[in-house]
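The values are calculated or read from the model by the stated rules, or taken from the named source; none is laboratory data. Source: prediction; values computed, not measured. Ideal geometry is used to build each Cβ from the backbone, glycine not excepted, and the neighbour counts take in all protein chains shown.
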Amino acid sequence: MYPLWNRVIAPTIHAAGARRVVEIGALRGETTVKLLDLLGPSSELHVIDPVPQFDPTEPERRFAGRYCFHRDTSHNVLPKLPVVDAALIDGDHNWYTVYNELKLLAATARRAGSPLPLLFLHDVGWPYGRRDLYYEPERIPEEYRQPYAMKGLRVRRGPNRRTDLLERGGFNPKMNNAEHEGGPRNGVMTALEDFVAEHDREVRVLVLPIYFSLAIVAEEERIASSPRLARAFERLETPEVLRGLLELSERLRIKEVHWGQVVFYTWQDRLERTARRYLNLLKADLVVPPPDLERLEACLETIRAEKVEGDLVQCGGADDAPVFMRGFLQAHAISSPNVWVFQPPSPDPSSDGLMERLRRFELLDERVKLLGSGDLTASPGSQISKLSLLRVGAGADPREVLERLYDRLATGGFVIVDNCANGARRRDVERLIVERTAADLEPLESGAVCWRRVS
């Protein structure tokens, strides 16, 4: 509600000549101080908040005698207050709480022979206009409490927009949100509509669809008897004010985008540094580091940066390249690719085999597919629909491997073939490159060769 103070709330309260005001839900006390400055020395402000996020005693020192803070719920406090001229309602955003706040304010006014207070209700738009939020669910009687969960909201845009709760993430994931949007006795706007429908006097409701939407409510009789208030309502619908609200909306949007970028890039930087530390430790602790480890890492970094899709495949070899591949995915929280390893079983069962080394680093899971070298031609090999990196280790026939898997290599994917400095292995690789791709062969210091599929 605070961002709407200068353009909407303050001018309307001033036009109504309000002297006694109640604020329900103060949060950080920003609007509280604004109200006290606006109302002047002859005013009286009651603030209701059971869990304020500011020191409520500080305004007492500045505004002694005209400020009263109530650390309690609105339903307990409102019946004890005298009639008020205006009420700002931004507390517990659910039907039961808001509907009864309105009823209590109306009842006090009726007993005093006064009109309904000028009302400002925040959050009458998405997400809580048609969905309950419970700060303390046990305060709401069971018969008025929607099924709820502490889960975030998903937004779906379009003419049939609706929202569902997400298992992870979403909007306000740490709030007790009603499981379903819409329907009876659900949300702030529904509470206002139900109250207005039952109220025995004609009421004007003006909704400004900005910053979760604000409703301004007054009895028509009160508006008719106050030319200043009537002009204030008319002003809120003029092109000048609406243009100002549009400009405000854009400033708020830019501020939120900027803040989101600050948070996103700060965390991205922290995640990158954490991933780098993890991979450096992993490389230092590999039992059998592959001779082309730096080039392997560079290939994986390019695949990640350019979002090349496909699994990672190792054929032959007895080194820890698969350990590093799986560790790279773990470090960067990459959830989709699998790591396929086709190699003969270790001749020495007591040796520190690849499976044990993966288990040592807590990297042996369902995303690591350990298969015999002969399985490359069997059905498991056919499960690899696309791969982004293919590494052919010593002991594997590059001609056989490339004939069976090269067509599944994604454009932009990499191939590394070990032990390829010269001889038949080198000739087989060069022949395939001439026949199938225009890629350039990159010799590595380890004797391996590397290339990238470009078409």
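Just so you know, in the range 197-249 the residues that are exposed (fewer than 12 other Cβ atoms within 10 Å of the Cβ) and closer than 21 Å to ASN100 by Cβ include one that is nearest to the chain's Cα centre (by Cα), and it is ALA197. Considering the range 92-115 alone, what residues qualify as being surrounded by fewer than 23 Cβ atoms within 10 Å (Cβ to Cβ) and touching a strand residue (DSSP E or B) at 6+ places or on another chain (Cβ under 7 Å)? Answer for the range 92-115, where residues must be surrounded by fewer than 23 Cβ atoms within 10 Å (Cβ to Cβ) and touching a strand residue (DSSP E or B) at 6+ places or on another chain (Cβ under 7 Å): just PRO115.
Looking across the range 346-377 at every residue that is surrounded by fewer than 12 Cβ atoms within 10 Å (Cβ to Cβ) and at pLDDT below 75, the one that is nearest to VAL323 (Cα to Cα) is identified as SER351. Annotation: GLY169 fulfils all but one of (1) over 17 Å from ASN100 (Cβ atoms); (2) at pLDDT 95 or above; the unmet one is (2). Scanning the range 117-135 for residues that are assigned to a strand (DSSP E or B) and either free of Cβ contacts under 8 Å to residues at least 40 places away in the same chain or not aromatic (Phe, Trp, Tyr) (or both) gives LEU118, LEU119, LEU121, HIS122, LEU133. If you go through the range 193-207 and keep only what is in contact with a strand residue (DSSP E or B) (Cβ under 6 Å, 6 or more places away or on another chain), among the hydrophobic types (A, V, I, L, M, F, W, C) and either more than 18 Å from ARG110 (Cβ to Cβ) or touching a residue at least 24 places away in the same chain (Cβ under 8 Å) (or both), you end up with VAL203, VAL205, LEU206, VAL207.
Taking residues in the range 242-254 that are outside the structural domain of ARG7 (by TED's automatic domain parsing), and partners anywhere that are of a type in the set (Val, Ile, Thr) and part of a helix (DSSP H, G or I), the pairs with Cβ atoms closer than 9 Å and at least 6 places apart or on different chains are LEU245/VAL8. The set of residues in the range 49-99 that are part of a helix (DSSP H, G or I), among the aromatic types (Phe, Trp, Tyr), over 27 Å from the mean Cα position of the chain (by Cα) and closer than 26 Å to VAL8 by Cβ contains only TYR99. Scanning the range 407-421 for residues that are farther than 23 Å from ALA318 by Cβ and not in a strand (DSSP E or B) yields ASP407, ARG408.
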